[in-house]
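Quick note: the coordinates plus some simple rules give every number you see, no bench work behind them. The shown structure was predicted, so the numbers you read here are calculated from the model rather than taken from an experiment. All Cβ positions, glycine included, derive from the backbone under ideal geometry; neighbour counts span all protein chains shown.
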Amino acid sequence: MSFPILPFIASPEDPQLEEFSITGQALFAYEKLKLSKHWIQQFPSQLAIFVQVQKDVSVDQITELLNLGVEKVFISDESQYESVVAAGLPEDRFASTKLQSNSSLIVGEKLDDLKKYNHDDNRDVYFDFTNGDVTQGDVDELAKLGYTIVLPGKTLTTKKQESEKVSISSAFVNTLVTDRPDGLFTTLITSPAPQYTALGIVYSSKESIIAAIDEKVGVYQSRKRTHELWYKGKTSGATQKLLQVAKDCDSDVVKFMVENRKGYGFCHKSTKYTCFGDDLQHNGHGLPKLDATLQDRFENAPEGSYSKRLFNDESLLVAKLKEELDELIDAKGDKDEVAWEAADLMYFVMCWCIKNGVSLSDVEKNLDVKSLKVTRRKGDAKPAYLKEEANGQPESKKPKLEQDAADYQLEVIDASDLSSPGIAKAMSRPAQKTSEIMKLVLPIIENVKANGDKALIELTAKFDGVTLQTPVLSAPFPESLMNISQEMKDAIDISMNNIEKFHAAQLPKKKIMTVETSPGVYCSRFAKPIENVGLYVPGGTAVLPSTAMMLGVPAKVAGCKNIVIASPPSRSTGQLTPEVVYVAHKLGASCIVMAGGAQAVTALAYGTESVIKCDKILGPGNQFVTAAKMYVQNDTQALCSIDMPAGPSEVLVIADEDADADFVASDLLSQAEHGVDSQVILIGVGLSSTKLQEFQQAVTKQASALPRKEIVAKCLSHSYVLLTKSYQDAFDLSNQYAPEHLILQINNASSYVPDYIENAGSVFVGALSPESCGDYSSGTNHTLPTYGYARQYSGVNTATFQKFITSQDVTEQGLQSIGKAVMTLAAVEGLEAHRRAVEVRMEKLGLL
């Protein structure tokens, strides 16, 4: 028992999870979970996840929980527990109410002899207080006896004391013992994953531990000033974020897991990382040290260096991975050579991981999940990777391995029962992790805020390989930068014209809308454009004029004074994408900021010497762009809003027996090729097995011919077909999922719009309306809410670039109509000046 409280959290999305993760453990109810392959990855590495199941949860579902990395499953029904044991599942992965077993024990009242049932402190005993009143005294007493108390998160607090709440810090410190004359507790300080390094030894008092848990920072007891608490780094800047608190088996040593501020160690010596002599710049060993080194090289390696080439040239890195794997295989039989080649391979594996935003701690967490699996795969390799015998000789190494047709098959789920757990699995989205990305983004944001244009020029050279004299291209734009074919100009002109028609129709019909709400009270509303808008258009290796059109045309229609486009220059030419410059010219944009990533977002949000500070930032981008947008939106110094939260692209297609299989497959694949984290879902209404097979075959045939088929295969591995009996069920599921794109390939599709649709970014009605038309030329906007945000967000539209202002004109008759009501409400709220503002007017007019 490292911490005597086990918080029962309502759901993984509940803010209480972060608040009480300091305990190192959390319990969830099975019915509140949306399980998926990488579900466990949303939790910190140091957090043990437990799940409580009801009697109706099957053995297979419990097995899935254990395979996904849940450390312990809580079962209150003894017959259900006997079923999982009979199925061969390990007892030590469960907590049950069975007194004599090898599982942990769940009780609802004190045991006569705790030692008898906790196997001499080798068995955790959980006291379930989830359905009953409890006092701090009850909890402290039980914790001291050795129970771990299960309590709902809503009943807990990290504060020392809070009315009608149980303090977790009080419960923790009351279990501690010490034989020191000063009453202090030896405290070991460690770092989190992947190092788990001992940083130093300090001393804690009960007061310092309570303060640390409350404030979630490193707080210890000062031994020089015995009446003072020592807030680590308060004067030096070497602050710590407290991640977890635990104690040893004898309850006389405390352990703090802390995250040091970047650039600082734990030791008071500025060049040391730990108090045991590890240097700040060269600390750690093995893979954790390699992880830190490569992370630094990814951020800071100079242009032209080997490290920079590895991170920027994907074909080079892939070639090195294959080369080193072959060399490792060839080294068999020679222990030293195998170790050497394995180290080489791990180096390039970590390069690949860091290039894709994956840290060593992410990899280790997946290894932990694999070690917790209770069922094992058969173990065969894919056929393409097995050696084939020909004339007694093994087949030579193939330069490229073809995708297996099975890689393009979507998993089929019977959704005739809308409560089926398979539906929740299919409709859950991949967990998004931003904490690691934010660590990389924050230094960029601070750099641009502090150094302006100079930082933009340096970062464009670093990340895009282009050296600029100025980061801004101001209008009018040179003709030489718009060198595109007439065919491309015509395509852009047609598309912009259609987008403008559709978005102009969205403008308010009247300059000002006025309603007389009471006699003599005139309330009005009018629209005004947002003055300065920043439009982020991804670039570099991509050509995305459609994004510039979709963002710029509504801004122009709304009447925004300054349209500022940000787009990185091409690494190969050193210049902006000519199609984007042409669109900017057509829009009348003020300028183009020649930068991408978090640095461009920061420049737009805060402004620089050359970049106009924008009031709103819009546009898609990678995970670094998204993290920067979320940051500036929440920074009151920026005073800058954004369009919407971003997530991977997605499509949901509803198709019936008469749908064209080729059309359906092409719509699914048009989103699957976006990225491995994209998701596609097909909902089939009344499909025969023959029709379902047609769909699967069409997907396989088309996918195998695509240039991005490896990406498509990975996307389809977490995409699904849901089979329903009725159109109503299909639309119910669609509204539950809230897709970015909804495509209706069903009979009489238009008859279902709008009545059957509650949540969707954009709808494509009928077999001849592919999502691609909306992406480019139909006129609707393709910047849409993803990740389920269609429940509360709209896609970009004309109003996105406007603010709506209300006004009121109250006459003497109006004061007579509503004056007394205003005074009555102001009085009950205790706002006397509000009440007097009306009273003084009514008195002068003789209305009282």
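What the table below lists for this structure:
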quantity	calculated
Listed residue (424, 465, 482) projecting farthest to the positive dipole end of region 410-492, Cβ model	465
Value at 222 nm in deg cm²/dmol, rounded to 500, when DSSP H runs of n ≥ 4 in the chain each add -39,500 (n - 2.57)	-11500 deg cm²/dmol
Sites residue 439 and residue 224 - FRET efficiency at Förster radius 30 Å, r taken between beta-carbons, to 0.05	0.35
Cut-off under 5 Å, modelled amide H: who pairs with residue 374 long-range	67
Lysine pairs in region 420-483 with Cα atoms under 20 Å, if 8 or more residues apart or on separate chains	5
In region 103-206, the GluC sites (Glu not before Pro) that fall in loop regions by DSSP, at most 15 other Cβ within 10 Å	109, 162, 164
At R0 = 22 Å, FRET efficiency that the Cβ-Cβ distance of residue 296 and residue 235 yields, to 0.05	0.20
Under-5 Å amide H pairs with residue 607, H placed in peptide plane, nonlocal only	614
Of [x] 31.3; [y] 42.3; [z] 28.2, the label for Kirkwood radius over Cα pairs in Å derived from the coordinates	[x]
Charge context of residue 483, other residues only, Cβ under 13 angstrom, K/R +1, D/E -1	-1
Qualifying chymotrypsin sites (Phe, Trp or Tyr not before Pro) for region 684-779 [loop in DSSP, other Cβ within 10 Å: at most 13]	none
For region 500-516, 3J(HN,Hα) per residue [Karplus equation, 6.51 cos²θ - 1.76 cosθ + 1.60, θ = phi - 60°, Hz, x = Gly/Pro]	5, 4, 5, 7, 5, 5, 8, 5, x, 5, 10, 4, 9, 9, 10, 10, 8
Bridge type composition, the chain - antiparallel percent by DSSP, nearest 5	35 percent
Set of aspartates and glutamates near residue 616 by C-alpha distance (under 14 Å), chain-local residues within fewer than 8 positions excluded	531, 635, 643
Separation of the residue 135 and residue 820 label points, Cα + 7 Å toward Cβ, nm	5.3 nm
Region 271-361: chymotrypsin sites (Phe, Trp or Tyr not before Pro) in DSSP loop, at most 12 other beta carbons within 10 Å	none
Amide H within-cut-off set for residue 230, under 5 Å, with H built and near neighbours excluded	220, 221, 222
Peptides ranked, highest mean first, by Cβ atoms within 10 Å: ranges 441-450, 818-827	441-450, 818-827
Overall dimensions of region 310-353 as given by Cα atoms, namely Rg and Dmax in Å	10.8, 35
Computed label-point distance, nm, for sites residue 531 and residue 845 using a 7 Å Cα→Cβ extension	3.4 nm
Gap separating the Cα centres of region 12-67 and region 93-112, nearest whole Å	20 Å
Calculated FRET value between residue 144 and residue 122, using beta carbons and R₀ = 25 Å, to 0.05	0.85
Whole-Hz couplings from phi, Karplus 6.51/-1.76/1.60, listed for region 42-48; x for Gly and Pro	6, 9, x, 4, 7, 9, 7
Reachable lysines, given that their alpha-carbon falls under 23 Å from the alpha-carbon of residue 269 and they are not under 8 places away in the same chain	224, 232, 234, 241, 255, 289
Subset of 165/216; 37/691; 489/709 violating a 20 Å alpha-carbon distance limit	37/691; 489/709
Stretch gain in nm, segment residue 697-residue 289, where the contour uses 0.36 nm per residue and the Cα spacing is subtracted	142.1 nm
